[in-house]
Amino acid sequence: MKIFKLNTTIFFFLSTFILIIILTGCSATRRGAVAETAKSGDIKSTVKIKKYVAPRVVNTKNVSPAELVDFAETLIGVKYKYGSMIKENGFDCSGFINYVFNHFKIYVPRTTVDFTNAGKEIQIKKSKPGDLILFTGSDAGSGIVGHMGIIVDNTNGDLKFIHASSSRGVMISGMNSYFIPRFVKVNRVFPDTAF
């Protein structure tokens, strides 16, 4: 009888814990998906980068930013898989970026944090399709780049970027209440003359 009561108690607490995790994850995803977007000229990073990463130069060869964006958009709908940069398995965010650049034989860092100083930083309101947008991970206060995407549009300040979302795979998102507090910066890896 005592063992049965102990197993019932453990089952109850374990079930409650799992339910809380599921509900918390769903609400965070839904909140970001339905929020209104902000104009890029109004967005300022409040994130203080806490991890030093050496500057990196990316040789984009003769590839244009438009070619890169066009190819990236062909991957919309590919599922999410943490740690993967193989299309058939799915991508995480840096795996997606790697896959897109490697398609053109452009070699870039493998992890999101290593993109912190790749290329040169530019103001978000001056960003163009092909620039990289960097965010913290889900902890906005971490000060460490943990998510990223490729800007696909910034017409009239309505910034849109393509990325591998953990909840929906490769998709295009706008700057909404989920991403704004996590925004770190925009990096340009292409030469200014490419735009």
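Free of Cβ contacts under 8 Å to residues at least 40 places away in the same chain and in contact with a Pro (Cβ under 8 Å, 6 or more places away or on another chain) - does that describe any residue in segment 152-162?
Yes, segment 152-162 contains at least one residue that is free of Cβ contacts under 8 Å to residues at least 40 places away in the same chain and in contact with a Pro (Cβ under 8 Å, 6 or more places away or on another chain).
So which residues in segment 122-146 are assigned to a loop (DSSP other than H, G, I, E, B), within 16 Å of S177 (Cα to Cα) and in contact with a strand residue (DSSP E or B) (Cβ under 6 Å, 6 or more places away or on another chain), if there are any at all? Give the derivation first.
We begin by selecting, within segment 122-146, every residue assigned to a loop (DSSP other than H, G, I, E, B); these are 123, 127-131, 137-144.
Checking the rest, the ones that are also within 16 Å of S177 (Cα to Cα) come to 137-141.
Hit for segment 122-146 is G137, nothing else.
Please pick out the residue among G119, G169, G143, G149 that is touching a Phe, Trp or Tyr at 6+ places or on another chain (Cβ under 6 Å) and at positive phi.
Details: G119 fails: touching a Phe, Trp or Tyr at 6+ places or on another chain (Cβ under 6 Å); G143 fails: touching a Phe, Trp or Tyr at 6+ places or on another chain (Cβ under 6 Å); G149 fails: at positive phi.
Result of the check over G119, G169, G143, G149: G169.
With respect to I172, is the statement that it is surrounded by 20 or more Cβ atoms within 10 Å (Cβ to Cβ), of a type outside the set (D, E) and either out of contact with any strand residue (DSSP E or B) (no Cβ under 6 Å at 6 or more places or on another chain) or not in a loop (DSSP other than H, G, I, E, B) (or both) true? I'd like the intermediate steps shown before the answer.
Values: surrounded by 20 or more Cβ atoms within 10 Å (Cβ to Cβ): no; of a type outside the set (D, E): yes; either out of contact with any strand residue (DSSP E or B) (no Cβ under 6 Å at 6 or more places or on another chain) or not in a loop (DSSP other than H, G, I, E, B) (or both): yes.
So I172 does not fit the description; no.
Of the residues that sit in segment 84-126 and are of a type outside the set (V, I, T) and under 13 Å from the mean Cα position of the chain (by Cα), which one is modelled with the lowest pLDDT? First the steps, then the outcome.
Just the residues of segment 84-126 that are of a type outside the set (V, I, T), to begin with: 84-85, 87-96, 98-99, 101-105, 107, 109-110, 114-115, 117-121, 123, 125-126.
With the extra rule that they be under 13 Å from the mean Cα position of the chain (by Cα), the set shrinks to 91-96, 98, 115.
Working: F91: 96, D92: 96, C93: 96, S94: 96, G95: 97, F96: 98, N98: 97, F115: 93.
Per the stated criteria, the residue is F115.
The values are calculated or read from the model by the stated rules, or taken from the named source; none is laboratory data. Note that this is a predicted model, so its numbers are computed, not measured. As a convention, Cβ positions derive from the backbone with ideal geometry for all residues, glycine included, and neighbour counts pool all protein chains shown.
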